[in-house]
1. Taking VAL127, is it of a type in the set (A, V, I, L, M), in contact (Cβ under 8 Å) with a residue 60 or more places away in the chain and under 21 Å from LYS65 (Cβ atoms)?
2. Enumerate the pairs (first residue in the range 73-100 and within 13 Å of MET134 (Cα to Cα); second residue anywhere and among the acidic types (Asp, Glu) and part of a loop (DSSP other than H, G, I, E, B)) with beta-carbon separation below 8 Å, excluding pairs fewer than 6 apart on the same chain, so at least 6 apart or on different chains.
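Here, each number is a calculation from the coordinates, and none is a lab measurement. What you see is a predicted model, and the numbers here were worked out from it, not measured in a lab. No Cβ is skipped: glycine too gets one built from the backbone with ideal geometry, and neighbour counts run over all protein chains shown.
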Amino acid sequence: MASAPTAPGTTDAAAGSSSATGTSAATGASDASAVSAPSASASAAVAGGATVAQAGGDGKSVYDKTCALCHAAGVAGAPKPGDKGDWSPRIAQGNDTLYKHAIEGFTGKKGVMPPRGGAVNLSDDEVKSAVDYMVSQSS
Ligand code: HEC
């Protein structure tokens, strides 16, 4: 019996790791934005820092948390990362189509891809980075 080849690892470490550092470093600096809103900057650091600080790795982390549920084992017909036969015609559509299908949802011949993989709180960029991750594994 073949079992699922990829066991999604735990990648929780990526969440909120270094955002506090940036906030405290800004305190007392001469630029006005640091002074104006310490509390707002804390949430901005989380919202904005997440994409920037993790640009290299958050695609995998989004994938592991949300998309692997179906895509790792091909549940309901989801194309598995690394399955070039399944991915190549999809990749041929172009990234914009893949992003659109991932963000808005998509019903294909094999099954239903729910909008944002069902994780409605994901940003467009997070969904796109997870698509990029799967494409990078499959091309
Ligand atoms: C509930 C199961 C499920 C989850 C969770 C899920 N997908 Fe999918 N996804 C599917 C299925 C099924 C398909 C294949 C549909 C078909 O081709 O018939 C698919 C197809 C896709 C495609 C190919 C679309 C195309 O045009 O061929 C992309 C890209 C994609 N998913 C991205 C994602 C991303 C990114 C996530 C996580 C944010 C995700 N999926 C989470 C089930 C899922």
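1. Yes.
2. GLY74/ASP83
So that you can scan it fast, the table gives a plain yes or no per residue for (1) more than 6 Å from the ligand (Cβ to nearest atom); (2) touching a helix residue (DSSP H, G or I) at 6+ places or on another chain (Cβ under 6 Å):
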residue	(1), (2)
TYR99	yes, yes
ALA102	no, yes
GLY108	no, no
GLY111	no, yes
ARG116	no, yes
VAL120	yes, no
SER129	yes, yes
TYR133	yes, yes
GLN137	yes, no
